[in-house]
Amino acid sequence: MRALEGVELTGIEQKILSNICRGNQNGDQEEPIAKAAQELQRSTNGTVHSSEWSNIDGLLRFRGKIYVPQSPDLCRQIVALCHDTYIAGHPGYWKILELVSRNYWWSQMSRYISQYVSTCDLCLRTKPW
């Protein structure tokens, strides 16, 4: 994850990464992703790189971005971190997609973010459509 190189994570980000590692260890991945993870674990040195998948420090990565296992709570936490904070200011779909996809990836991420933003109570009450 290039954006976080040399940065020490604390607080909610560290908790999210710990939960992602735990979810990947528990096998919470979708079927094709679970197969890729198993292939990576079978490697002799522990850090086999395929063309798209890698496993570095217990974090499964897809094209360099941290794979988030099937967990609605984890996805919600990540999107909320980029959308709901006072500094973020409840930006729209495209900005949230850009912010989240800098470091994370999960199946149907775009659809999840669209649904999250379109059902945000504060955005619905304050933004003109």
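The values are calculated or read from the model by the stated rules, or taken from the named source; none is laboratory data. Fair warning: this is a prediction, and the values are worked out from it, not measured in the lab. Quick reminder, even Gly has a Cβ in these numbers, built from the backbone with ideal geometry, and neighbours come from all protein chains shown.
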Starting from residues that are outside any loop (DSSP other than H, G, I, E, B) and surrounded by 14 or more Cβ atoms within 10 Å (Cβ to Cβ), keep the ones in region 40-55 and report whichever is modelled with the lowest pLDDT.
Leu40
In region 28-39, is there at least one residue being exposed (fewer than 14 other Cβ atoms within 10 Å of the Cβ), modelled with pLDDT of 75 or more, acidic (Asp, Glu) and not in a loop (DSSP other than H, G, I, E, B)?
no
Among the numbered criteria (1) surrounded by fewer than 18 Cβ atoms within 10 Å (Cβ to Cβ); (2) modelled with pLDDT under 90; (3) over 28 Å from Arg125 (Cα atoms), which one does Ile20 miss?
(1)
Going through region 84-129 one residue at a time, which ones are under 14 Å from the mean Cα position of the chain (by Cα) and part of a helix (DSSP H, G or I)?
Ile96, Leu97, Glu98, Leu99, Val100, Ser101, Met109, Ser110, Arg111, Tyr112, Ile113
How many of the residues making up region 60-79 are surrounded by 15 or more Cβ atoms within 10 Å (Cβ to Cβ) and closer than 18 Å to Ile12 by Cβ?
9
Is one or more of the residues making up region 82-98 of a type in the set (A, V, I, L, M, F, W, C), surrounded by fewer than 19 Cβ atoms within 10 Å (Cβ to Cβ), outside the structural domain of Gly23 (by TED's automatic domain parsing) and modelled with pLDDT under 90?
yes
